[in-house]
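See below for the structure under consideration.
The values are calculated or read from the model by the stated rules, or taken from the named source; none is laboratory data. The structure displayed is predicted, hence computed values, not measured ones. As a convention, Cβ positions derive from the backbone with ideal geometry for all residues, glycine included, and neighbour counts pool all protein chains shown. All accessible areas refer to the heavy atoms of the entire protein, side chains included, with ligands and DNA or RNA removed. Shrake-Rupley method; radii C 1.70, N 1.55, O 1.52, S 1.80 Å.
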Amino acid sequence: MCDSPARRALPLALVLALLAALSACRSPAPASPPPPPPITEGPGAFKALLINGGGKKQSNFQSHLTHVRTLVEFLHASGAAADDVVIFSSDGPDPSADLATRARPDDSGDAWLLPPRAAQLLRPVQFVDSAVDGYTLRPATYEALHAWFTTEGKRLHGGDTLLLYVTDHGEQNKTDLANNSIVLWNEKLTVEQLRQLLAELDPDVHVVMLMSQCFGGSFANAILPRPGELTPNGRQCGYFASTADRPAYGCYPENLGRDGVGHSHRFFEALRAVGRMPEAQRRVLVSDDSPDVPNTTSDFYLQQLLQAQAKRENTTETEVADAYINDAFKNRARWEPEIRLLDRVGSTFGMFSPRSLGELELQTRILPQVSEQLRTYADRWHEALDSLKEQNFERFLAADPRWKERLAPTVIADLDPAGRETLGDELAEALGAFTAKDAATSDRLALLRARTEAASQAAYRMEVRLGVVLRLRAILTQIAGRVYLAERGTPAERDTYAALLACEDVNFLADPSVATAAAMAPPTSFPPLDDDRRVVQAVMPAWMGIQFKPLTDAQRARDQQTGGAVTVMTVYPDSPAAKAGLEVGDVILGPPAAPFQEPHQVREWTMRREINEPAPLEVARAGHVQQVVLRPEPYPIKMPELPGPPKVGSPAPPLAKVSAYRGDQRLAAGKPHLLFFWATWCVPCKFSVPEVMAFARARDIEVIAVTDEDPQQLDQFFKERTEPFPETVAVDPYRSAFQAYGVSGTPTFVLVDGAGTVQSYKTGYSAAAGLGIDGWTYSAAKSPAKKK
């Protein structure tokens, strides 16, 4: 099974023990100060810019436009006029379709039985033109945004308020997390570019950002006058779905195109009830059941102050923060609202309520590993499920040839989307009825589907729990930062923090239905962590440790093997397969008296074995059938590493399991030679041949052209080729030489001397670079090439 991860899976006992350590408690929620007057009744003007960049139509999901529509409705209900709201969305007024109304195929009824190729063909994503009632959309481009800031934005004055809302995707700048991007329509808007746009406004305009894109926390840096200069004016502030180094809800496959999930949805839900943005933020910390990590510019400012203090003290931010937290909790009554918020967040998500950052270190380190482990398991179960779906579908088509006619590409091409939907529904019903008659296959499909979904959902919940840990960390950091300000902060730092809090305290409703977030109904609690401990144990697939290739039709006919027989292409070091004595070139037939019938059934069979329980397999080796006993192990997160390219000066690996197609049958044993790894379809390989031949003549050495293609393909290639080519051609059917020499692409050239030592190694070819062999130059105009 040619999949997976170089770090091993966490030991099951360790995973379960660590997960068991994360427990919960319940407590009431914090109170909030009285609200300020509603913004729409204040003395200044109010404007809102709503941005849904979209990127391109395939990733511009309807859920993001739903966020825009929901916010427009809320702003109107809170007193904003229609001309107070400007919307920048995808391609703007262009009538072309720019919005994906469905992110992935429907899985309802028996539709889940459709293999991916049929599902994508018959249940295509529908594309429509973006529209918001009552508005002419403007294009989500830098040019359009710049035009607004330099014209309409200039009409805003001190005392006016600008709400800047962003939904859709964001991109991370891995070289500078302080300068991430908002995805616009086929372009980007960086933090630095937004800073420049905001600089076009009157400095006394009140700007509040509300950003739900991935990696959006980076845009807290936009409030700084210059990168790294921690002196915001307090008139610009914001709320962000996640931190600069983390994706937000929309970047997780579980949420593609889904409505009613994530930061924007929960924030709007809270705003409709409480009206005030700080209260909505407190609610979202508790209610957002996605991996989002809601944070604010005031959080960002306190974190920057603590980082600066840690640098001055030559210690870590955690140690500095925990020292201030310890000071704070000497008088816990003073911090009762914050402690209750910690308790409520922990209780909702089945986590314990921490009192220091140090207590969160274990979860911060372990949860990503467990999530990665579960995602790996989900991927492997999904591959096995898709493979069985494909085999089941092929049997269905063979049993009812009429469906082959109905599914012909020319027939489907003539159908409109509604016609494809109808045909897809009919196919799913017929496939479901066919599958139900085969109880064994039905049971296999149901089990693989259940394992896939269980592992995927548990992995996502671990991501959510990590997000919750980071929310708890943010609350504790806020406490530490406030103690720092009280004990060591300068008057300017205290004034800046107060100004940011005031900037963030925006109220939209004169008469909210709920006074505080604490008074809102408790959100639905997350599944208990104990459930996921059981899931980890249930979905852990067993692992053999091979890469394999199904036999070709010709091989099966020649050796009279079933359709499920596979050739072992790689045996991973120290794997169960290696311990069982499996070798490259072995043909795995299946369990005794139950040979595999499907090309990838060996993967599913292995994954379903009991860990460490002996499982016999029949193997054909050199024409003889023998039995091996496999003891499967837990599936690793990363596969053990295979050999890399041999270093110059090291012994050349032997050409094991490589045979001559033509030429020197001994493959230049004991003589200097140039290994030329190539393929018939490789254009650069063909371009390199004249220089390869010239080098061989000039140095009087043999070239061994090694390929992993079948002799039949070589027959056709050399039948058609008239140009010179190295005489000795070798076939590597198991790719053993390709792996031993770490070949990552063709052509690859390896020069080996008579003592069997690697003298040169190079991958790729261009006329300018040549073979890359020291002391060798080549000119196509000269023949033979000269030797320096």
- request: Go through the residues of region 538-548 one by one and say whether even a single one is among the polar types (S, T, N, Q), part of a loop (DSSP other than H, G, I, E, B) and within 37 Å of the chain's Cα centre (by Cα).
  value: no
- request: Of the conditions (1) within 23 Å of ARG494 (Cα to Cα); (2) of a type in the set (Lys, Arg); (3) in contact with a Phe, Trp or Tyr (Cβ under 8 Å, 6 or more places away or on another chain), ARG355 clears all except one; give me its number.
  value: (1)
Failed item, numbered, when LYS174 is tested on (1) more than 20 Å from GLY238 (Cα to Cα); (2) not in a loop (DSSP other than H, G, I, E, B): (2)
message: Restricting to region 319-346, and then to whatever is closer than 23 Å to ARG282 by Cβ, of a type outside the set (A, V, I, L, M, F, W, C) and out of contact with any helix residue (DSSP H, G or I) (no Cβ under 9 Å at 6 or more places or on another chain), can you tell me which residue is least open to solvent (accessible area, probe 1.4 Å)?
response: ASP343
Members of region 448-494 found to be more than 30 Å from GLU319 (Cβ to Cβ) and either in contact with a strand residue (DSSP E or B) (Cβ under 8 Å, 6 or more places away or on another chain) or among the hydroxyl-bearing types (Ser, Thr, Tyr) (or both), listed by number: THR452, SER456, TYR460
statement: Within region 39-60, the residues that are open to solvent by 20 Å² or more (accessible area, probe 1.4 Å) and either of a type in the set (Phe, Trp, Tyr) or at pLDDT 95 or above (or both) are LYS47
task: Scan region 147-198 for residues that are modelled with pLDDT of 95 or more, open to solvent by 40 Å² or more (accessible area, probe 1.4 Å) and charged (D, E, K, R) and report the count.
output: 8
- request: Considering only region 75-102, state which residues are within 24 Å of ARG155 (Cα to Cα), assigned to a helix (DSSP H, G or I) and either touching a Phe, Trp or Tyr at 6+ places or on another chain (Cβ under 9 Å) or small (Gly, Ala, Ser) (or both).
  value: LEU75, ALA82, ASP84
field: Every pair of residues 6+ apart whose Cβ atoms lie under 7 Å, when the first sits in region 276-298 and is under 15 Å from ASP245 (Cα atoms) while the second is among the aliphatic types (A, V, I, L, M) and open to solvent by less than 10 Å² (accessible area, probe 1.4 Å)
entry: PRO291/VAL464; ASP292/ALA241; ASP292/ALA248; PRO294/ALA241; PRO294/VAL284
- line: Among (1) more than 20 Å from the chain's Cα centre (by Cα); (2) open to solvent by 10 Å² or more (accessible area, probe 1.4 Å); (3) within 30 Å of ARG258 (Cβ to Cβ), TYR239 falls short only on (2)
query: (1) at pLDDT 95 or above; (2) open to solvent by less than 60 Å² (accessible area, probe 1.4 Å): which one isn't true of PRO614, the others all being true?
result: (2)
field: Which listed residue, of THR777, THR728, is modelled with pLDDT of 95 or more and touching a Lys or Arg at 6+ places or on another chain (Cβ under 9 Å)
entry: THR728
message: Condition first: open to solvent by 70 Å² or more (accessible area, probe 1.4 Å) and touching a Ser or Thr at 6+ places or on another chain (Cβ under 9 Å). Now tell me which residues in region 650-666 satisfy that.
response: PRO651, LYS657, GLN665
field: Unmet requirement for VAL692, which otherwise passes all of (1) open to solvent by less than 20 Å² (accessible area, probe 1.4 Å); (2) within 38 Å of the chain's Cα centre (by Cα)
entry: (2)
- prompt: If you go through region 697-711, how many residues are out of contact with any Asp or Glu (no Cβ under 7 Å at 6 or more places or on another chain) and open to solvent by 20 Å² or more (accessible area, probe 1.4 Å)?
  reply: 7
message: If I ask for residues that are at pLDDT 90 or above, polar (S, T, N, Q), open to solvent by 20 Å² or more (accessible area, probe 1.4 Å) and within 24 Å of the chain's Cα centre (by Cα), which ones from region 347-391 would you list?
response: SER387
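Within region 570-607, take every residue that is in a loop (DSSP other than H, G, I, E, B) and on the phi > 0 side of the Ramachandran plot and give me the one that is surrounded by the most Cβ atoms within 10 Å (Cβ to Cβ).
Looking at residues that are in a loop (DSSP other than H, G, I, E, B) and on the phi > 0 side of the Ramachandran plot, I get GLY585.
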- prompt: How about region 500-518: which of its residues are among the small types (Gly, Ala, Ser) and open to solvent by 70 Å² or more (accessible area, probe 1.4 Å)?
  reply: ALA510, SER513, ALA515
- prompt: Quick one: which of THR441, THR516 is over 30 Å from ALA323 (Cα atoms) and in contact with a Leu (Cβ under 8 Å, 6 or more places away or on another chain)?
  reply: THR441
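Which is at pLDDT 95 or above, open to solvent by 60 Å² or more (accessible area, probe 1.4 Å) and not in a loop (DSSP other than H, G, I, E, B), of VAL629, VAL619?
Of VAL629, VAL619, the one residue that is at pLDDT 95 or above, open to solvent by 60 Å² or more (accessible area, probe 1.4 Å) and not in a loop (DSSP other than H, G, I, E, B) is VAL629.
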- prompt: Given the structure, is VAL191 among the β-branched types (Val, Ile, Thr) and in contact with a Lys or Arg (Cβ under 7 Å, 6 or more places away or on another chain)?
  reply: no
Which numbered condition VAL571 misses (of (1) within 20 Å of GLU633 (Cβ to Cβ); (2) in contact with a Lys or Arg (Cβ under 8 Å, 6 or more places away or on another chain)): (2)
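Yes/no matrix, rows are residues, columns are (1) modelled with pLDDT under 90; (2) among the β-branched types (Val, Ile, Thr); (3) crowded, with 18+ Cβ neighbours inside 10 Å:
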position	(1), (2), (3)
PRO527	yes, no, no
ASP530	yes, no, no
VAL539	no, yes, yes
PHE548	no, no, yes
ALA554	yes, no, no
GLY563	no, no, no
message: Here's a check for you: in region 80-138, which residue that is open to solvent by 60 Å² or more (accessible area, probe 1.4 Å) and basic (Lys, Arg) is modelled with the highest pLDDT?
response: ARG138
